Amino acid sequence: MLMWLTREEERILGGEKGFAAQKAMEILVALGDIFGADRLIPVGSVQVSGVSYKTIGDEGLKWLESLRGGKAVVEATLNPAGMDLERWEEMGIPKAFADGQLRIIAAFQSMGIQPLCTCTPYLLGNFPRLGEHLAWSESSAVCFANSVLGARTNREGGPSAVASALIGKTPRFGYHLPENRRPTLRIDVPIILKDSFDFSLLGYVIGLEAKNRVPFIGRMGRYGYIIARDELKALSASLAASGSVALFHMEGITPEASMAKRSLRLRMQEIERLRIERQDLERARENLSTASEDEVDLVAFGCPHASLEELRLIAGLLHGKRLKRRVKLWIFTSLGIRRIAERCGYIHAIEAAGGRIYADTCMVVSPLGEIGFEAIAVNSAKAAVYLSALNKPKVILASTEQCIRMAMNS
Amino acid sequence: MAEGLALVSSQPISFFGMVDPKTGIFIDKSHDLFGQSLSGRVLVFPYGKGSTVGSYVLYGLVKNRKAPAAIICHEAEPIVAVGAIIAGIPMVDRPEPFEFRNMQRIAVNADIEEILVY
């Protein structure tokens, strides 16, 4: 059955509002028809992936430029770009790459899409409410928004998110519908996790098993056990990277968990139940590490983009220390967090030790191999998954403290 | 109406990484179309997979004049569907069961979802 369109939507599809809006509507209608959506629904905000010149190349650039004339009708921001938009020379980004990247950003800006390039828009004021419909595409942000905030979004692709920005709507299917938000897998975690790194590994292990299912994670720790926002950020990212999890529920933590638990009770028999042990996390860490410690020439944090709190912790760990000459330490975050961290003195502390903080980009979408790095130490299972999909550079996955130890003179 | 010789694969295609947008040649050694060019052909395959950047690769193929004449997918899937729209490549999905063979001459009319095999 085809999707029902309003008269105005029909007119846009007919080209009345110009080429860009027409193409955007064609995309939304095609997706709606494929997935059996009944109609389009308005979204509160849009987050667009496919921003780095490294990933979308000249092909993506040309398409975005062909949409000039289109205008975003809802709040829309971008995923990380291939470089710090201001300090790319310092990163060692080739001029030709920078030119392409800046043209991509200009094309987005001409459509009124804000050049806030981050995978963590929820740390910068774009904080969707429970039940709000969105069209977000960054997979970790989708997982965080659906699960931790209770907003509703599918995992949009780059082109479909741009289309939603220009139309302000998305086809109603998938995670927009309550029946698709019920858990389809039960996870028990009888171990105590100690930091974001553990949560990153946990997400990786669950994601491998869950694939695109909706995991329900039973109560972790004792009553009153607090799970920090940054731990949920790390968990969301790796769940979405090793699997394609777009939504999880966590007992006592996420807003739809009690409803999810009731629905789970009704379907107890049919639902697979998995138990994650400490050795599963350790095995994941080993599987994702292809480099040895002495090969490391870059330590990279900030996947997803570092929060102010994470920068505070790193600044503390680096206090009074000095990096090895042949090892670099790069931390990726958003422009907003970088500015506040500067005011807090964290940037000064990190730079005094020899580290650098880059905004707008990350280790996954910047051309690190081209810059010439051989082996990268990361504290994020998501970063490890994506980096090891390329041949170069090699990767080692370790906790923040261990990574910093690798970068320091003994 | 688009017309061309069939290029048939039994494997799903991730356009991002598997096809060179500059030449239209399959560059993934593990794919059954490795080394072949899709330029000007009617590409028949099960479904698209991988990164949504694959949609842009289809657009790039058109800009570089290396695009397939048309696409026939056994299943509907967003990466190829969106790619075909932004690139303006005629596409039909979920055709009636039929054994497509390489080098058959095929005409595709995407507007009325019609496929003619000569």
Exercise for the section: Could you compute the FRET efficiency for B:L116 and B:K49, with r as their C-beta to C-beta distance and R0 at 45 Å, rounded to 0.05? Expected result: 0.95
Exercise for the section: Report the one residue of A:I271, A:L318, A:W330 whose Cα lies farthest in the direction of the positive end of the charge dipole of chain A (charges on C-beta: Lys and Arg +1, Asp and Glu -1; origin at the Cα centre). Expected result: A:I271
Exercise for the section: Determine the relative contact order of the stretch A:280-349: mean sequence separation of Cα pairs under 8 Å and six or more apart, normalised by residue count, in whole percent. Expected result: 40 percent
Fill in the blank from the handout: Of the stretch A:377-410, those with amide N under 17 Å from the point 7 Å along the Cα→Cβ vector of A:K321 are A:377-380, A:396-410
Practice task
Name the residues whose placed amide hydrogens come within less than 5 Å of the amide hydrogen of A:I357, ignoring near sequence neighbours (fewer than 5 apart) on the same chain.
Solution key: A:I331
Fill in the blank from the handout: Losing no less than 10 Å² of accessible area (probe 1.4 Å) relative to the isolated chain, the residues of the stretch B:65-103 are B:A76, B:P78, B:A81, B:V82, B:I85, B:I86, B:R94
Practice task
Just give the residues from the stretch B:45-59 buried by at least 20 square angstrom of accessible area in the all-chains context relative to the isolated chain, probe 1.4 Å, and say none if nothing qualifies.
Solution key: B:T52, B:V53, B:Y56, B:Y59
Practice task
Could you rank A:R322, A:R229 by how accessible they are, 1.4 Å probe, largest area first?
Solution key: A:R322, A:R229
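Looking at the protein assembly as shown, send over the antiparallel percent of its DSSP beta bridges, to the nearest 5.
On the way: 14 of 59 bridges.
Looking only at bridges with both residues in the protein assembly as shown, the antiparallel portion is about 25 percent.
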Exercise for the section: Scan around A:K328 for amide H atoms under 5 Å from its own, H built in the peptide plane at 1.01 Å from N, and keep only partners 5 or more places away or cross-chain. Expected result: A:L298, A:V299
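Report, in listed order, any pair from A:K169/A:K382; A:K194/A:K382; A:K62/A:K211 with a Cα-Cα distance greater than 27 Å.
Details: A:K169/A:K382 29 Å; A:K194/A:K382 18 Å; A:K62/A:K211 33 Å.
Exceeds cut-off: A:K169/A:K382; A:K62/A:K211.
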Exercise for the section: Mind giving me the nanometre distance, one decimal, between the label points for A:T290 and B:Q11, set 7 Å out from Cα along Cα→Cβ? Expected result: 1.9 nm
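Just subtract the alpha-carbon distance of A:Q402 and A:N180 from 0.36 nm times their residue separation and send over the number in nm, one decimal.
Details: separation 222, 0.36 × 222 = 79.92 nm, distance 3.98 nm.
Stretched fully, the A:Q402-A:N180 segment lengthens by 75.9 nm.
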Problem - the stretch A:289-407, relative contact order in percent, only Cα pairs under 8 angstrom and at least six apart counted - result: 36 percent
Exercise for the section: Would you mind working out the accessible area per residue for chain A, using a 1.4 Å probe, and quoting it in Å²? Expected result: 40 Å²
Exercise for the section: Pull out the extension gain between A:S258 and A:K392, defined as 0.36 nm times the separation in residues minus the alpha carbon to alpha carbon distance; nm, one decimal. Expected result: 43.8 nm
Problem - Carbon and sulfur %, accessible surface of the stretch A:355-410 computed with the full protein complex present, 1.4 Å - result: 45 percent
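Considering only protein heavy atoms and a 1.4 Å probe, what is the carbon-and-sulfur percentage of the accessible area of the stretch A:226-325? Spell out each step's value before the answer.
Details: 2370 of 4930 Å².
Of all accessible area on the stretch A:226-325, carbon and sulfur atoms account for 48 percent.
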Completion exercise
For A:E10 and A:D33, extending 7 Å from Cα along the Cα-Cβ vector and measuring point to point gives, in nm, a value of 1.6 nm
Exercise for the section: Taking just the C-alpha trace of the stretch A:289-407, give me its Rg and Dmax in Å. Expected result: 13.1, 39
Exercise for the section: Could you tell me whether the stretch A:7-178 comes out rounded, prolate or oblate from its Cα gyration tensor? Rule is a ≥ b ≥ c as square roots of the eigenvalues, rounded for a/c under 1.5, then prolate if a/b exceeds b/c, otherwise oblate. Expected result: oblate
Completion exercise
The A/B contact buries a total accessible area, at probe radius 1.4 Å and rounded to the nearest 100 Å², of 1700 Å²
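Assuming a viscosity of 1.306 mPa s and a temperature of 10 °C, what translational diffusion coefficient in µm² per second does Stokes-Einstein assign to the stretch A:182-285, Rh being the Kirkwood radius over Cα pairs?
Details: Rh = 13.5 Å.
Approximately 118 µm²/s, per Stokes-Einstein.
Sorting check: for A:201-211, B:8-18, which peptide has the highest mean count of neighbouring beta carbons within 10 Å, and how do the rest follow? Let's see the in-between values first.
Working: A:201-211: 23.5, B:8-18: 19.1.
For the peptides A:201-211, B:8-18, the packing ranking is A:201-211, B:8-18.
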Handout entry: Most positive-pole-ward Cα, B:F100, B:A6, B:L58, against dipole of the stretch B:2-117 from beta carbon charges
Key = B:L58
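With a ≥ b ≥ c taken as the square roots of the eigenvalues of the C-alpha gyration tensor of the protein assembly as shown, please select rounded if a/c is under 1.5 and otherwise prolate if a/b is larger than b/c or oblate if it is not? Each step should come with its number before you reach the end.
Details: a/c = 1.65, a/b = 1.38, b/c = 1.19.
In terms of gyration-tensor shape, prolate.
Can you put A:H348, A:H133, B:H31 in order of accessible area, largest first, using a 1.4 Å probe? The partial results should precede the final answer.
Working: A:H348 135, A:H133 50, B:H31 10 Å².
Largest accessible area first, the residues go A:H348, A:H133, B:H31.
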Exercise for the section: Quick one: go through the stretch A:96-133 and flag any residue whose amide nitrogen is under 16 Å from the point 7 Å out along the Cα-to-Cβ line of A:R356. Expected result: A:96-98
Problem - With Cα atoms, 0 to 90° folded angle of helix B:78-87 axis to chain B main axis - result: 90 degrees
Fill in the blank from the handout: Expressed as a percent, the accessible surface of chain B that is carbon or sulfur, using a 1.4 Å probe and the full set of protein chains, is 50 percent
Handout entry: Heavy atoms of A:M259: accessible area, 1.4 Å probe, square angstrom to 10
Key = 110 Å²
Fill in the blank from the handout: Once normalised by the length of the stretch B:26-115, the mean sequence separation of its alpha carbon contacts under 8 Å that are 6 or more apart gives a contact order in percent of 26 percent
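The values are calculated or read from the model by the stated rules, or taken from the named source; none is laboratory data. The model shown is predicted, which means the values in this text are computed figures rather than measured ones. Don't worry about glycine lacking a Cβ; one is built from the backbone with ideal geometry, like all the others, and counts go over all protein chains shown. These area figures cover heavy atoms from the full protein model, side chains too; ligands, DNA and RNA do not enter into them. Shrake-Rupley method; radii C 1.70, N 1.55, O 1.52, S 1.80 Å.
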